[in-house]
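Notes for the one structure printed next.
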Amino acid sequence: MYNLSFFIMNTTRMNRKLLYALMALLAMTALYSCEEEDLAKVYDENTSLDSPFIFSENYQDTIKYTYDLPTPVTDWLDMVKDDAKVCKLSIPGTHDTMTGMGFYQPVLKYIFNITSISQVSTLEEQMACGIRFFDFRPVVSIDTLAKNPEDKQILRMAHGISEIDVTFEEALDQIQAYLKAHPSEFFIAKIQPDNGLENQSNWTVLLGKLLGKLLGKQKYQGLFVDHWRPDITVGEMRGKILLLSRFDLRTLNSSYDFPAAYCTWSDEDADIDENINTEGQRNCTIYSLDDNTLTAKLYVQDYFKTNKDVRMKNKKQTLIDMMHTAREAMASNEDIWIVNHCSAYTEVSPRGYLTNASVLHPLVIDDLKNNKGTVGIMPMDMACHDYIHLIINGGTPYTSDYLYGFHPLSQSLTHLLIKSNEPYFK
């Protein structure tokens, strides 16, 4: 799987189109290799065959560590004091947040289902389950239904080359609606391009133009944090979205004042260097886009490949080490921001993300149970569920993946992260 993704991302644009055509042909062959009545034997007859995944009939989740706090998990930030600094909290998050929403490209979506899904919950489900950090990857796409030529180019969510059947605007609308219903809450959304074209100047200029156009819409006035500070408080963030960009938006569109903060953030690709770069993890920075004097230290652990025993060992070590470092940082007077990824993959597939989550989440849970203190932002895969028993829809029973009997304990992890914030409760 990984070799295919790597090959696609490094082909020229023309070769990529030819490869897409070949992939589409293979997907159509798989899709029509059996009758619809055969599909009905495997898939829940009440579920659309367009669903990216299908939970098994009579599925029932079993949460190991239940939520026992007085305020519902849907509004958990209401328990936190207004003057608590956001950087001092434990914040549950998701990696590749939107991949549970289904893919856009016809026929190809079945291939992307079995290669690119890292979540089996929708954005609305994640918000309701207590997730407050999102990993958004908007890319330039075409709206084939737009009537006006100027509206043809849009920003669609993506995971690599896989375009998701949700636009960036639709995602923002969902968050805005949630915040209106739950005004005590806030969200942090990390944004980055992610389809292999981010180094092409004409593409990045277009991205900046479309971002400025979208974020500047009248309906979003007051939705975003306009002036980030290292010591920004929960009270200042309530009802808003903090956009945390992995690239300097000012270089894409200097005519628009983006309501965002910019962070340096190095990828930890084990294929390039298998060793843990502890110094690099602790040498990142967040910058205010409207005041160059405002910066904060940022510690990021994003070791994302656990496809070898040594790499899984490294991931376990660096994940727990960063949790301990985070507790020390939280107890200090410095305003240090922490992003510590539980997410990684043993292979590029839903099974790979789920396998990794089932190994790492229990490890993090044990650390949370045995140690007090907050640990920063923790993005995870396969959020909202402790038990997963489902089918990844590959278009036919023969090309689908059957993820039966996995226990990632993701919702328990979310509950314990929220509970670790008790020192900051009202």
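For the chain, the relative contact order works out to 22 percent when only alpha carbon pairs closer than 8 Å and six or more residues apart are counted.
Where the centroid of each part is defined by its Cα atoms, how far is the stretch 256-270 from the stretch 47-76 in Å? Going from one Cα centre to the other spans 31 Å.
In terms of packing, defined here as the mean over residues of other Cβ atoms within 10 angstrom, the peptides 94-103, 212-221, 391-400 line up highest first as 94-103, 391-400, 212-221. Counted by Cβ distance under 10 Å from Asp302, the other residues give a net charge of -3, where Lys and Arg count +1 and Asp and Glu count -1. Take the alpha carbon gyration tensor of the stretch 223-381, find the square roots of its eigenvalues, order them as a ≥ b ≥ c, and report rounded if a/c is under 1.5; if not, report prolate when a/b exceeds b/c, else oblate. Prolate shape, in that a/c is at least 1.5 and a/b is the bigger ratio.
Based on the alpha-carbon gyration tensor of the stretch 99-216 and its eigenvalue square roots a ≥ b ≥ c, which shape applies: rounded if a/c is under 1.5, prolate if not and a/b is larger than b/c, or oblate? Oblate, since a/c reaches 1.5 and b/c is not below a/b. Taking Leu207, Leu69, Leu289 as the candidate residues, the one with maximal mean-square fluctuation in a Gaussian network model of the chain, Cα springs under 10 Å, is Leu69.
In order along the stretch 88-97, phi translates into HN-Hα couplings of 9, 9, 8, 10, x, x, 10, 9, 6, 3 Hz, rounded to whole numbers, per the Karplus curve 6.51 cos²θ - 1.76 cosθ + 1.60 with θ = phi - 60° and x for Gly and Pro. Label sites at His227 and Ala146, each approximated as a point 7 angstrom past Cα along Cα to Cβ, lie 3.4 nm apart. Amide H contacts for Ser343 (H built 1.01 Å from N in the peptide plane; partners 5 or more residues away or on another chain; cut-off under 5 Å): Asp381.
For the stretch 129-194, what does the relative contact order come out to in percent, with C-alpha contacts under 8 Å and a separation of six or more? It would help to have the intermediate numbers written out before the result.
Values: 84 pairs, mean separation 28.2, N = 66.
Across the stretch 129-194, relative contact order equals 43 percent.
Which FRET efficiency, nearest 0.05, do Ile272 and Tyr398 yield, Cβ-Cβ r, R0 56 Å?
Numbers: r = 36 Å, r/R0 = 0.64.
Taking R0 as 56 Å, the efficiency between Ile272 and Tyr398 is 0.95.
Computed from phi, the 3J(HN,Hα) profile of the stretch 270-279 under the Karplus parametrisation 6.51, -1.76, 1.60 (θ = phi - 60°) reads 5, 6, 8, 8, 6, 7, 7, 9, 4, 5 Hz, with x in place of Gly and Pro.
Count Lys and Arg as plus one, Asp and Glu as minus one, and take only other residues whose Cβ is under 12 Å from that of Glu422; the net charge is then +3.
Within 12 Å, Cβ to Cβ, of Ser184, how many net charges do the neighbouring residues add up to if Lys/Arg are +1 and Asp/Glu are -1? Don't skip to the answer; put the middle values down first.
Details: positive: Lys81, Arg132, Lys180, Arg238, Lys240, Lys426; negative: Asp75, Asp78, Asp82, Glu185.
Around Ser184, the charge tally is +2.
Rolling a 1.4 angstrom probe over the chain with all protein chains present gives an accessible area of which 51% lies on carbon and sulfur atoms.
If you put +1 on each Lys and Arg Cβ and -1 on each Asp and Glu Cβ, how big is the dipole of the stretch 127-225 around its Cα centre, in Debye rounded to 20? Can you show the working numbers first?
Details: 11 positive and 12 negative charges, 58 e Å.
Dipole size: approximately 280 debye.
Sequence-distant contacts, meaning Cα pairs under 8 Å at least 6 residues apart, place the relative contact order of the stretch 282-426 at 20 percent.
Under a Gaussian network description of the chain, with springs only between Cα atoms under 10 Å, the residue in Lys315, Lys372, Lys240 that fluctuates furthest is Lys372. P(r) for the chain: what percent of alpha-carbon pairs falls in each 10 Å bin, starting at zero? Cα pair-distance distribution for the chain, in percent: 4, 22, 33, 27, 12, 2, 0.
In deg cm²/dmol, rounded to 500, what helix-only [θ] at 222 nm does the chain give when every DSSP H run of at least 4 residues adds -39500 (n - 2.57) and the total is split over its residues? Walk me through the numbers before you get to the answer.
Values: 12 runs with 140 residues, N = 426.
-10000 deg cm²/dmol, from helical runs alone.
Of the cross-linked pairs Lys64/Lys313; Lys88/Lys315; Lys81/Lys369; Lys190/Lys308; Lys372/Lys419, those separated by over 20 Å at the C-alpha level are Lys64/Lys313; Lys88/Lys315; Lys81/Lys369; Lys190/Lys308. Along the stretch 395-411 the Karplus relation, 6.51 cos²θ - 1.76 cosθ + 1.60 evaluated at θ = phi - 60°, assigns HN-Hα couplings of x, 9, x, 7, 10, 8, 10, 9, 9, 9, x, 8, 10, x, 6, 5, 6 Hz to successive residues, with x for each Gly and Pro. Between Ser400 and Gly394, the built amide H atoms are under 5 Å apart, and every one of these is 5 or more places off in sequence or on another chain.
Once you order the gyration tensor axes a ≥ b ≥ c over the Cα atoms, which shape class does the stretch 135-186 get: rounded for a/c under 1.5, otherwise prolate or oblate by comparing a/b with b/c?
Note, shape of the stretch 135-186 comes out oblate.
Taking amide H positions as modeled 1.01 Å from N, with prolines and chain starts lacking one, the residues under 5 Å from Phe224 and 5 or more places away or on another chain are Ile241.
Probing with 1.4 Å while keeping every protein chain in the model, the per residue accessible area of the stretch 177-284 equals 45 Å².
The values are calculated or read from the model by the stated rules, or taken from the named source; none is laboratory data. Because the structure is a prediction, the values reported are computed rather than measured. Glycine gets a Cβ as well: all are built from the backbone with ideal geometry, and neighbour counts include every protein chain shown. Surface accessibility is based on the protein's heavy atoms, side chains included, excluding ligands, DNA and RNA. Shrake-Rupley method; radii C 1.70, N 1.55, O 1.52, S 1.80 Å.
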